[in-house]
Amino acid sequence: MERREFLYEGKAKKIYRTDDPALYLVEFKDDATAFDGVKKDRLADKGILNNRLSALFFSLLEKKGVATHFVRTTGEREMLVRALQIIPVEVIVRNIAAGSLSQRLGIPEGTLLSRTVLEFSYKDDALHDPMVNHYHIYAMELATAEEMAALEAAALRVNEVLQPFLAERGITLVDFKLEFGRHAGGILLGDEISPDTCRFWDSSSGEKLDKDRFRRDMGGVVEAYREVLRRVEGA
C-alpha cells in the first residue's frame with residue numbers, strides 16, 4: 001500500500017491518503033496533550049503502544065460484530081483504515097464516575113454508576129468540544145436519528161465486549177470516548193481505542209493506567225500504557 005499526500009494532523013495522529021481512495025494510513029504520534037492542548041509533551045513509544053493496542057481492540061470488536069475502520073497494521077506506529085466521513089459527535093461511555101462527570105455533577109470519583117451513561121460532545125476544537133444532546137445534534141444536522149441510534153447501539157456493544165475482556169485481565173473500564181464515521185452507506189467505529197481515549201484502572205489497587213497520569217502529573221505514563229498492552233496481549 002503506497003502512502004500518498006498528507007491529509008490531516010490531530011493531537012495524536014496523522015492521516016495520509018493511499019493509492020486506494022477507500023483506504024487511509026494513520027500514523028500514531030508520540031505527542032501527549034491535555035486540557036485542549038494547553039499541556040504538551042512527547043512520550044517516547046506512546047504512538048507505538050497506542051497503535052498496537054488499538055489494533056488489538058479493533059480486531060476483538062470486529063470478531064464480536066462491531067464494524068470498525070481497521071484493516072491491518074502496516075508498521076509499528078501505522079495502521080491501514082477505511083476512509084471515513086467523520087460524524088462530528090463524540091460518544092462518551094461511562095461506567096464509573098470520574099473526570100468531568102464527577103466535577104459537573106458532584107459525584108465522588110470512583111462511584112459505580114447504577115447504569116451505563118452515554119454523553120455526547122460536538123467535535124470542534126475551536127469550541128473545545130462542548131457537550132450536546134439529541135436536540136442540538138438534530139438542530140445542527142450533525143447526524144440523523146437513525147445514525148444516532150446506530151452510534152448508541154454500537155457504543156453500548158463496545159462496552160459489553162470490552163468490560164469483561166479487560167476485567168479478566170485485572171483492568172476496570174471506567175469510561176471511554178468513541179468516534180464514528182460514514183463509509184459505503186454504513187457507519188463504522190473509527191479513531192482509536194487506547195489509554196489516550198479510555199480510563200483504565202487496576203482492578204485491585206485502583207492505580208490509573210491511562211492518560212490521567214499525564215493530566216495529573218503522576219509520572220509513569222508510558223510504563224502504564226505498556227502494562228495495559230502486556231495484559232491485553234496476555235504476555
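Readers should treat all values here as calculations from the given coordinates under stated rules, not as data from a laboratory. Bear in mind that the values here come from a model prediction, so they are computed numbers and not experimental data. Every residue, glycine as well, gets a Cβ built from its backbone with ideal geometry; the counts of neighbours run over all protein chains shown.
Below, the figures for the structure above:
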quantity: Two-site FRET efficiency, Asp41 against Arg17, from Cβ-Cβ distance with R₀ of 35 Å, rounded to 0.05; calculated: 0.75
quantity: Kirkwood hydrodynamic radius of the chain, Cα pairs, Å; calculated: 18.3
quantity: Nonlocal amide H pairs with Lys13, under 5 Å, H built at 1.01 Å; calculated: Lys29
quantity: Directionally averaged projected area (convex hull, Cα atoms, segment 85-219), nm²; calculated: 9.1
quantity: Taking N as its residue count, the alpha carbon Rg of segment 178-224 over 2.2 N^0.38 Å; calculated: 1.54
quantity: Pairs of alpha carbons in segment 3-82 whose separation is greater than 16 Å (percent); calculated: 55
quantity: Förster radius 22 Å - calculated FRET efficiency between Gln85 and Lys63 (Cβ-Cβ, nearest 0.05); calculated: 0.30
quantity: Low-density loop positions, GluC sites (Glu not before Pro), segment 135-232 - DSSP coil, at most 15 other Cβ in 10 Å; calculated: Glu141, Glu168, Glu207
quantity: Whole-number percent relative contact order across the chain, with pairs defined as alpha carbons under 8 Å at least 6 apart; calculated: 18
quantity: Ellipsoid equivalent to segment 73-119 - semi-axes via the Cα gyration tensor, in Å; calculated: 32, 14, 10
